[in-house]
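The values are calculated or read from the model by the stated rules, or taken from the named source; none is laboratory data. No experiment lies behind these values; they were computed from the predicted model shown. All Cβ positions, even for glycine, are placed from backbone atoms using ideal geometry, and neighbour counts span all protein chains on display. Surface areas here come from the heavy atoms of the whole protein model, side chains and all, with no ligands, DNA or RNA. Shrake-Rupley method; radii C 1.70, N 1.55, O 1.52, S 1.80 Å.
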Amino acid sequence: MITLKGVKKVYKGNGREVVAVDNVDLNIKQGEIYGIIGYSGAGKSTLIRLLNRLEQATEGTVEVAGRDLTKISGSELRRARQEIGMIFQHFNLLWSRTVRENIAFPLEIAGVPKNERMKRVDELIKLVGLEGREDAYPSQLSGGQKQRVGIARALANRPKVLLCDEATSALDPQTTDQILELLVDINKKLGLTIVLITHEMHVIRKICHRVSVMENGRIVEQGPVLEVFRKP
Ligand code: ADP
Ligand code: ADP
């Protein structure tokens, strides 16, 4: 589902160069929950942003759902991005819009007709467990509920891949577990491939099948979670 080959990302500016991602190879299978863990500055955030072309690779190829994202642009890139949902640490909701309107937003942009839109929003609200909160504004929701809206919005266009950027880092431990359980549920029900970045071992142990450990832009260890973290 996702294949990275020889990927390098260099940020340039002020006469300085930062190598944020350095010669990364990665292979993530369909239906997998894949974790990328590392300390702050390791390059996790750059790596996940390469997976929907919020960043363009300096070198290498980034294939997601059958397309090399490094080689496309315009309408083809927009189509590719509809197959890649993303959720964020701080939710990135539209604050002047209701739960229903936030979830419908990507469907409006994709030109989905109103009837179909309403039907799909209702399904999504049920899927993430927000029944009864359809007309609330984000400021009226708990952190966990806000992330549920984020997840529903990310799934609106029926993506094949869900990218999670520190999606539980702003939540308390109990809410974190509830959101992680929701992600597992969605992975099973929809067969969705999930890639998450985190600095928290607990998140990886709880839901990931395989993990890569990042340090200084490189993947220094990779494998099934139980093998990578079995060390005494
Ligand atoms: P992480 O998500 O693991 O904290 P990042 O991908 O955010 O790592 O950062 C990796 C490296 O790239 C860091 O040294 C960071 O300072 C640098 N970096 C990240 N974004 C930019 C940018 N837009 N411009 C320049 N340097 C950046
Ligand atoms: P819209 O353009 O749909 O009316 P807003 O202008 O209210 O939405 O918000 C645009 C963006 O600004 C939101 O996606 C959010 O990231 C940010 N934002 C707005 N209000 C707040 C707030 N009270 N707290 C945090 N972020 C906010």
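When only residues in the range 202-219 that are open to solvent by 80 Å² or more (accessible area, probe 1.4 Å) and not charged (D, E, K, R) count, which is modelled with the lowest pLDDT? The residue in question is His202. Listed by first and then second residue, the pairs with beta-carbon distance under 6 Å, at least 6 apart or on different chains, first residue in the range 154-176 and acidic (Asp, Glu), second in a loop (DSSP other than H, G, I, E, B), are Glu166/Gln89. Evaluate the following for Ile87: is it closer than 22 Å to Ala156 by Cβ, within 16 Å of ligand 2 (Cβ to nearest atom), touching a residue at least 60 places away in the same chain (Cβ under 8 Å) and not in a loop (DSSP other than H, G, I, E, B)? Yes.
Checking the condition assigned to a helix (DSSP H, G or I), charged (D, E, K, R), away from ligand 2 (no atom under 15 Å from the Cβ) and buried (at least 16 other Cβ atoms within 10 Å of the Cβ), which residue from Arg133, Arg117, Arg78 passes? It would help to see each step written out before you state the result.
On the way: Arg133 fails: assigned to a helix (DSSP H, G or I); Arg78 fails: buried (at least 16 other Cβ atoms within 10 Å of the Cβ).
That would be Arg117, the only listed residue that is assigned to a helix (DSSP H, G or I), charged (D, E, K, R), away from ligand 2 (no atom under 15 Å from the Cβ) and buried (at least 16 other Cβ atoms within 10 Å of the Cβ).
When you look at Leu47, is it at pLDDT 95 or above, surrounded by 20 or more Cβ atoms within 10 Å (Cβ to Cβ), away from ligand 2 (no atom under 16 Å from the Cβ) and not in a loop (DSSP other than H, G, I, E, B), yes or no?
Values: at pLDDT 95 or above: yes; surrounded by 20 or more Cβ atoms within 10 Å (Cβ to Cβ): yes; away from ligand 2 (no atom under 16 Å from the Cβ): yes; not in a loop (DSSP other than H, G, I, E, B): yes.
Criteria met by Leu47.
On inspection, Leu196 passes the criterion of being touching a Cys at 6+ places or on another chain (Cβ under 6 Å) and surrounded by 17 or more Cβ atoms within 10 Å (Cβ to Cβ). Once the range 147-183 is narrowed to residues that are in contact with a helix residue (DSSP H, G or I) (Cβ under 6 Å, 6 or more places away or on another chain) and of a type in the set (Lys, Arg), the residue that is nearest to Ile207 (Cα to Cα) is Arg148.
Might you check whether a residue that is more than 9 Å from ligand 1 (Cβ to nearest atom) and more than 30 Å from Lys206 (Cα to Cα) occurs anywhere in the range 37-45?
Taking the range 37-45 first, the residues more than 9 Å from ligand 1 (Cβ to nearest atom) are 37.
Checking the rest, the ones that are also more than 30 Å from Lys206 (Cα to Cα) come to none.
No: the range 37-45 contains no residue that is more than 9 Å from ligand 1 (Cβ to nearest atom) and more than 30 Å from Lys206 (Cα to Cα).
If only residues of the range 90-108 that are within 12 Å of ligand 2 (Cβ to nearest atom) and part of a helix (DSSP H, G or I) are counted, the one that is surrounded by the most Cβ atoms within 10 Å (Cβ to Cβ) is Asn102. Just one residue in the set Gln178, Gln145, Gln174, Gln222 is open to solvent by 30 Å² or more (accessible area, probe 1.4 Å), touching a Lys or Arg at 6+ places or on another chain (Cβ under 8 Å) and not in a strand (DSSP E or B); that residue is Gln145.
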